[in-house]
Amino acid sequence: MFIFDNSILFKLRNLCMKIIFVNMSKKISPEDAFYENLTLGLIKTLTSVPRVCNVSLERRQPLNPGQVVNWEQRHCVYLPEDMKKFYLSTDGFVLNWSYQYAPSDIRRVGYIHFPHLLQVTLLRENIENTHPTNGSHAVPMGSSNSATDGAQSTAANATKDKWGNATPIITAKSKIFEINNVNEMAKVCMLYESTSSNNPKFYLLELSTLKWQFLAETFSEYLRMSIAHLGLPYWELCFSSFGLPSWTEQLFLLLAPHLLEEHDLRRGRIISPASEHPYNIIDPNVFRGKPKGVNKTAAGSSVKHNK
């Protein structure tokens, strides 16, 4: 019979303890799990893409309910429920990543930005509801004449954007909030057609022509779209009438050519998840738990960085 001596048993015990300790150390923290769910695993997806490096996420503390209520009272509107849960979990976030064009040429290009709630402010320019495609006249937001409103409503209902979606009806009761500025060419806007509504929609406002292009029905859908587009620079301009800058289009062709397909179903607001592409579906329940308050940090990971 073979008999173990005490030294062998002691070594086996130590080995088992080390394995247990390593497994415990790999356990993800609640805060890390929250941001991984919030970004739908985008950081892991990006770090697996060739030449993508320096992926970093800026984490922010959540707002308290009083701060959200103060914002709503200041602007006399109600935030939609999914957007409210988002800001009660984190006061926005910023995700950046870089692309390695050459061994000594690394540039930061990827960018997903959701602003602090206080930075979501009214768009105070004199936005007019212009419809050059059907020859209708511009109607200022301040117009309140009932006949004018009726004509405006008829024109708006008859007008479609590039993707066949109805353009918004802008009246004196409408409220437009700026979410993001896209290269000084367009603005992502959250638009309440009336102050009594708590279901605003998200549009792209082209600054040169003041045309509206529909983006998303809800905040969750807009967040999902930014993740599905991997934070590629100026991805919102995919939905504009003038398209992407040439250098940005080259990045799309390199990293995600499927996003530029002419008949991409997402242009029709239908997103079909597929295993090979990060077409994620967001579950608003991830916003229910608050992460532990931490100072502003950068949780980054670098891969395939050749010096």
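Neighbour counts of C-beta atoms inside 10 Å place T45, T159, T209 in the sequence T209, T45, T159, starting with the fewest. Modelled spin-label separation between N64 and R51, with each label point placed 7 Å from Cα along the Cα-to-Cβ direction: 4.9 nm. Legend: calculated FRET efficiency, T195 to A102, from the Cβ-Cβ distance at R0 = 51 Å, rounded to 0.05, equals 0.45. On the beta carbon distance between E72 and S241, with R0 = 41 Å, the FRET formula returns roughly 0.75. Applying 1/(1 + (r/R0)^6) with R0 = 22 Å to the Cβ-Cβ distance of E36 and L254 gives a FRET efficiency near 0.30. Among the listed pairs K162/K201; K85/K173; K173/K201; K84/K160; K175/K211; K44/K187, give every one whose C-alpha distance is greater than 19 Å. The pairs that break the limit, which is 19 Å between Cα atoms, are K85/K173; K84/K160; K44/K187.
Model label points for A166 and N183, set 7 angstrom from Cα along the Cα-to-Cβ axis, are 3.2 nm apart.
Read-outs: derived from the displayed coordinates by stated rules, not from any lab. These numbers come from a predicted model, not from an experiment. In this analysis, Cβ positions are derived from the backbone assuming ideal geometry, glycine residues included, and neighbour counts consider all displayed protein chains.
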